1. What dipole magnitude, in Debye to the nearest 20, does segment 36-90 give about its Cα centre under +1 on Lys/Arg Cβ and -1 on Asp/Glu Cβ?
2. Excluding residue 88 itself, calculate the net charge of residues whose Cβ lies under 10 Å from the Cβ of residue 88, where each Lys or Arg counts +1 and each Asp or Glu counts -1.
3. Among residues other than residue 4 whose Cβ falls under 13 Å from its Cβ, what is the net charge (Lys/Arg +1, Asp/Glu -1)?
4. Over all directions, what mean area does the Cα convex hull of segment 90-152 project, stated in square nanometres?
5. May I ask you to derive the relative contact order of the chain, considering only C-alpha pairs under 8 Å and at least 6 residues apart, and to give it as an integer percent?
6. Report the calculated FRET efficiency for residue 125 and residue 72 (r = Cβ-Cβ distance, R0 = 30 Å), to the nearest 0.05.
7. Which of 95, 70, 147 moves the most in a Gaussian network model of the chain with Cα springs under 10 Å?
8. Is there a quick way to get the dipole size of the chain? I mean about its Cα centre, with the Cβ of Lys and Arg at +1 and of Asp and Glu at -1; what is the value in debye to the nearest 20?
Amino acid sequence: MAREIERKFLLANQTWRQSIKQKTRFLQGYLNQIEESSSKSSVRVRIEGEAANLNIKSLEIGLSRDEYEYPIPLADAEKMLKKLSVGPVIEKIRYLVEYEGITWEIDEFFGDNAGLIVAEVELESETQLLSLPAWAGAEVTHDVKYYNISLSKHPYKEWTLDEKR
């Protein structure tokens, strides 16, 4: 079993764009309703460039959670996104940016979530010290609305001005 440990941040400015090492287009959709009281996980199909996978994450909100990921055929993923997704498919470009030896993933969303940009960094432990770049803004690790599963249910375009602050 894998355990994902990550922190999420909004962006304070656009200077991170000067340090982009790689960018990849993502499409992802969720195959289950997490609102049901018996739900313990989210089940997601993701197309990442020309590769696809099935991902299962525990529904814990915060710094760490269980995560399982398995490669699947691209054609299967495309069909699942079209026919089985619950809610809108998440569209984003993920940029990889290095800062002090750590790779940051910066997701710029499109479609129903256009205008939202979130930086994530995966850690080796919950107590790992992290030096923040100047472009890292407010931490939103514990704010459920910034999780992709939430964005598929309540897209950024539907947020009020207060929610976007």
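1. Details: 8 positive and 9 negative charges, 43 e Å.
Roughly 200 debye, rounded to the nearest 20.
2. On the way: positive: 153, 157; negative: 91, 112.
Surrounding charge for residue 88 is 0.
3. -4
4. 4.7
5. 30
6. E between residue 125 and residue 72, to the nearest 0.05, is 0.50.
7. The residue that fluctuates most here is 70.
8. Details: 22 positive and 28 negative charges, 101 e Å.
The calculated dipole for the chain is roughly 480 debye.
The values are calculated or read from the model by the stated rules, or taken from the named source; none is laboratory data. Small disclaimer: the values here were computed from a predicted structure and weren't measured. Using ideal geometry, Cβ is built from the backbone for each residue, glycine included, and neighbour counts are taken over all protein chains shown. All accessible areas refer to the heavy atoms of the entire protein, side chains included, with ligands and DNA or RNA removed. Shrake-Rupley method; radii C 1.70, N 1.55, O 1.52, S 1.80 Å.
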